[in-house]
Structure formats: structure tokens, C-alpha cells
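Everything on this sheet refers to the single structure shown next.
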Amino acid sequence: MKIDTDHIKLDSFLKAENIVGSGGEAKVLIAGGAVRVNGETELRRGRKLRPGDRVEVGGETFVIE
């Protein structure tokens, strides 16, 4: 995913990529330990993603550009 700012929050990224339909779904997915950022489980939905970060969820890997 290409971003036009210096960062995007993890929950916003999940919504933008249509991985979840709402912020509430993002919160549950993240709190359940189903999201990894740069190889580590991420539990903070406000985690700032920057270009080069890799997000893994549901067996798919997304790279922030």
C-alpha cells in the first residue's frame, strides 16, 4: 500500500485495505494477536506504520510504500 503521509495508523491501514469493515473489527483483530508488524505480534491499534514496514494478517503480507 502506498501512503501519501509520513505514517498511517495500523487500524486505519486495516480498514483502507478492506481487511476489516470497521474500527471495532480492527480492534478485535489486533487485540487477538492476529496482526504482525515487521515479524512481531502487534497489539497496539494506533501503531504508526511507515514506508518499509511489513504487515502480516490472515496469511497475507502487505508492504507500506
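Remarks
- Inside the stretch 13-61, residues that are in contact with a helix residue (DSSP H, G or I) (Cβ under 8 Å, 6 or more places away or on another chain) and polar (S, T, N, Q) make up a count of 1.
- Inspection of the stretch 46-63 identifies at least one residue that is in contact (Cβ under 8 Å) with a residue 60 or more places away in the chain, open to solvent by less than 50 Å² (accessible area, probe 1.4 Å) and in contact with a strand residue (DSSP E or B) (Cβ under 8 Å, 6 or more places away or on another chain).
- Failed condition for residue 36, given (1) open to solvent by less than 70 Å² (accessible area, probe 1.4 Å); (2) in a strand (DSSP E or B): (1)
- Residue tally, condition more than 17 Å from residue 63 (Cβ to Cβ) and either more than 11 Å from the chain's Cα centre (by Cα) or open to solvent by 70 Å² or more (accessible area, probe 1.4 Å) (or both), over the stretch 3-18: 1
- Looking across the stretch 19-33, the residues that are small (Gly, Ala, Ser) and open to solvent by 50 Å² or more (accessible area, probe 1.4 Å) come down to 21, 31, 32.
The values are calculated or read from the model by the stated rules, or taken from the named source; none is laboratory data. Please read all numbers here as calculations on a predicted model, not as lab measurements. When we count neighbours, we look across all protein chains shown, and the Cβ atoms used for this are built from the backbone with ideal geometry, even at glycine. The area values use the complete protein model at the heavy-atom level, side chains included, leaving out ligands, DNA and RNA. Shrake-Rupley method; radii C 1.70, N 1.55, O 1.52, S 1.80 Å.
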